[in-house]
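To start, the structure itself, in structure tokens.
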Amino acid sequence: MMLTLQTFKEMIATAGEAIRAEEKHFSELDAAAGGDGDHGTAIVTAFRAMEKADGADFKSYLKSLSEALQNEACGSTSTLYGSWLQGMSDTALEGATELDAAALAKVFNGGLKELGYVTRARIGDKTLMDALIPATEALLSAHSQGIVVMFERAAVAAEQGAEATCEMRAKFGRAKNLGERSIGPRDAGAASMACIFASFAKSLKAVS
């Protein structure tokens, strides 16, 4: 199975719907962990900005997604996601309108690498990276089994990573000021990232 650009655009749209459905929950998680309590609003705003993006191939579409975030949304969520998508765009082959599993895994890994230059957060810091890093590693390790299985594994890994943040102390953002009191709630950024990968996996299974 090859992933077409149209299917990927549909995956992004479906993920946006899933994010909007959980907006209140994400903000509640953010507040419970000591954040501003606005993550739900921020991630929904980011996906609404991305609705205006377009492109004739993966590289241009991913670049358009990144630019939409940088230009129309605001805050750390848009900056982080914009960098993630820019890294994907930089890795995507010029003119490609469909990608096989190996190429797709490389694109997502390129996004993770770019994001790693922007944030010092890594696994264990109670951020979206706790979901994104294991999800990306799962994509890379499972690419030989096809795109559907690859994203199923990534969704499981992202969910496990997000759940693990319940036991972590926040080290970034306002939540880090709570110290040990930030332990308990799931990190909102990791939760929304897990939601995105779950949506991706569900979308692919439906069209396979």
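Bear in mind that the values in this text are calculations on the coordinates, not laboratory data. Everything numeric in this text was worked out from a predicted model, so none of it was measured. Every residue, glycine as well, gets a Cβ built from its backbone with ideal geometry; the counts of neighbours run over all protein chains shown.
The relative contact order of the stretch 74-149 comes to 33 percent, based on Cα pairs under 8 Å that sit 6 or more residues apart. Where does the charge balance sit around S83 when Lys and Arg score +1, Asp and Glu -1, over other residues with C-beta under 11 Å from its C-beta? Residues close to S83 contribute a combined charge of -1.
For the chain, what is the mean residue ellipticity at 222 nm derived from helices alone (per DSSP H run of n ≥ 4: -39500 (n - 2.57); sum divided by total residues; nearest 500 deg cm²/dmol)? All intermediate terms of the calculation are to be shown ahead of the outcome.
Working: 9 runs with 140 residues, N = 208.
Computed ellipticity for the chain at 222 nm equals -22000 deg cm²/dmol.
Shown in residue order for the stretch 122-137 are the 3J(HN,Hα) couplings computed by the Karplus curve 6.51 cos²θ - 1.76 cosθ + 1.60 at θ = phi - 60°: 9, 4, x, 9, 6, 9, 4, 5, 5, 9, 5, 4, x, 5, 5, 4 Hz (x for Gly and Pro).
Sorted by mean Cβ packing within 10 Å, highest first, what order do the peptides 184-195, 66-77, 12-23 take?
Numbers: 184-195: 26.3, 66-77: 18.6, 12-23: 16.6.
Ranked from most to least packed, the peptides come out as 184-195, 66-77, 12-23.
Only the Cβ atoms of Lys and Arg (+1) and of Asp and Glu (-1) were treated as charged; on that basis the dipole of the chain about its Cα centre amounts to roughly 380 debye.
Counting alpha carbon pairs within less than 8 Å and at least 6 residues apart, what relative contact order, in whole percent, applies to the chain? Don't skip to the end; give the middle numbers.
Numbers: 398 pairs, mean separation 50.4, N = 208.
The normalised contact order for the chain reaches 24 percent.
Scanning residues 5 or more positions from A96 or on other chains, those with amide H under 5 Å from its amide H are F58, K59, with H placed 1.01 Å from N in the peptide plane.
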